[in-house]
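Right, one structure below, let's go through it.
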Amino acid sequence: MRLVLNVIWLVLAGFWMAVGYAVAGLVCCILIITIPWGVASFRIANYALWPFGREVVDKPGAGTGSLLGNVIWIVVAGVWLAIGHVVTGIALCVTIIGIPLGIANFKLVKVSLVPLGKEIVELP
């Protein structure tokens, strides 16, 4: 079932959301000082391509640096990516088949706002 959901997700929403994260990551990597945000953005782009069967959890040991970095991220790119997830999630929830995909999109809102101090783990 995860494979089917991931393939449908990739076609309907995942590719475009991953492109958004990749663009944000490229912009962050061009500016040398924002490379940590670029790396986090690429990590989330990978997750946005294939989210079913994986989960975002808090990274142990993430401290004040992650908090300050997340505040900057929210201002620079997080709000726009979160709006993209909300709009796409609402559009997907219009159809019965799209409801699980819309819910997955709403789960990605949190990580799009605060990506630092998070890691992606495989579900058993």
How would the stretch 40-124 be classified by its alpha-carbon gyration tensor: rounded, prolate or oblate, with rounded meaning a/c under 1.5 and the a/b versus b/c comparison settling the rest?
oblate
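For a protection proxy built on the mean count of beta-carbon atoms within 10 angstrom, sort 28-37, 56-65, 110-119 highest first, please.
With the highest mean Cβ count within 10 Å placed first, the list reads 110-119, 28-37, 56-65.
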For the chain, dividing by residue count, accessible area per residue (probe 1.4 Å) in Å² works out to 57
Rounded to the nearest 500, the 222 nm mean residue ellipticity computed for the chain from DSSP H runs (n ≥ 4, each -39500 (n - 2.57)) alone is -20000 deg cm²/dmol
Once both label points are put 7 Å beyond Cα along the C-beta direction, the Ile90-Ile35 separation in nm becomes 3.9
Determine the distance separating the Cα centre of the stretch 104-124 from the Cα centre of the stretch 6-78; give it in Å without decimals.
8
Please report the carbon-and-sulfur percent of the accessible area for the stretch 1-118; probe 1.4 Å, protein heavy atoms only, DNA, RNA and ligands left out.
80
Return the distance in nm (one decimal) between the two label points of a simple spin-label model at Val7 and Ile83, each offset 7 Å from Cα along Cα→Cβ.
3.5
Could you work out how much longer the chain between Trp16 and Phe106 gets when fully extended? Use 0.36 nm per residue separation minus the Cα distance between them, nm to one decimal.
30.9 nm
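The values are calculated or read from the model by the stated rules, or taken from the named source; none is laboratory data. Model, not experiment: these values are computed from the prediction. A quick note on method: Cβ atoms are made from the backbone with ideal geometry, for glycine too, and the neighbour counts reach across all protein chains shown. What goes into the accessible areas is simple: the full protein's heavy atoms, side chains included, and nothing from ligands, DNA or RNA. Shrake-Rupley method; radii C 1.70, N 1.55, O 1.52, S 1.80 Å.
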